[in-house]
Every structure is written in C-alpha cells, then in structure tokens.
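A short worksheet on the structure shown next.
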Amino acid sequence: WGNADFSRGVGTTFYQEFLTLNTAKPPFVRDVEEKIRRYLRSSYSAVWTLKITWEKAPAYTAQTDTRRTITYQAILTTDGFRSYVLMLYKDGGMQWDYTKLGANNVLIGYT
C-alpha cells in the first residue's frame, strides 16, 4: 500500500466504513460475509468492515510515469474475535512497470 504516489495529482484514495453491530447490513457487507463463509467454510457475521480503494494510483515515484496506474482495494472486516482482509485488484492486475520501481522485491498482496 505504501508505494503509490499521489503527489502529481493523478489518482485518489477513498474509504467507506460499515458499522453493522445492531444495524441492518448493506449488500456490500453481506457479500463480504458470504465470501469469507464460502472460502473459509466457517460461520461469519461482520460487526465492522472498512473498504479502502486506491483508484488510478501511479507508482512511487510518480515523476517517472503517471500513465501506468492501478486500481485496487483492501477490505478489512471483523466479527470482534476474528479479522480478515480481502485484497482485490482490477482486471489486468498490476500495471506498474516494476523494473522502474525503487525496490526489486515487488509483491502483490501481503505477508
């Protein structure tokens, strides 16, 4: 998440928080719950979910190329005991030219 560079005015980041502890769950949260239930084969009922979107994000440093951007999301969710993160990438995956990045050990996802 740290290698996007918005200093040239290209791209944006935004987020949406869903508090669902005693409230009706919006379709987005129900979809996240269903994905967790399906992939992990366990019961799950979210009490809090955060969706973060990096849209048309250029790689650091943006001075080198602001044309090759990526759009991706991280969805963090918890039931108060267990927490999960879903990493979603726009079709086509990573569009940055990794040969021009400062680091040569590039990862998509998390460790």
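The values are calculated or read from the model by the stated rules, or taken from the named source; none is laboratory data. From a predicted model like this one, the values you see are computed outputs, not experimental measurements. Note that we place each Cβ from the backbone using ideal geometry, even for glycine, and neighbour counts take in every protein chain shown. What goes into the accessible areas is simple: the full protein's heavy atoms, side chains included, and nothing from ligands, DNA or RNA. Shrake-Rupley method; radii C 1.70, N 1.55, O 1.52, S 1.80 Å.
Hand me the trypsin sites (Lys or Arg not before Pro) from region 1-45 located in a DSSP loop with no more than 14 other Cβ atoms within 10 Å, in residue order please. Sparse-neighbourhood loop trypsin sites (Lys or Arg not before Pro): Arg8, Arg41. Only lysine pairs 8 or more places apart, or on different chains, with alpha-carbon atoms under 28 angstrom apart are counted in region 12-100, and they number 10. Protein heavy-atom accessible surface, 1.4 Å probe, per residue over region 12-100: 64 Å².
The length gained on full extension between Lys56 and Gln95, counted as 0.36 nm times the residue separation minus their Cα-Cα distance, comes to 13.0 nm. In angstrom, the C-alpha Rg and Dmax of region 12-100 are 15.9, 48.
Here the gap between Phe6 and Ala24, fully extended at 0.36 nm per residue and compared with their Cα-Cα distance, gives a gain of 2.9 nm.
Taking 0.36 nm per intervening residue step and subtracting the Cα-Cα distance, what contour gain separates Gln73 from Leu86 on full extension? List each step's numbers first, then the result.
Working: separation 13, 0.36 × 13 = 4.68 nm, distance 0.80 nm.
The span from Gln73 to Leu86 would gain 3.9 nm if fully extended.
When a 1.4 Å probe is rolled over the protein heavy atoms, the share of accessible surface on region 12-100 that falls to carbon and sulfur comes to 54 percent.
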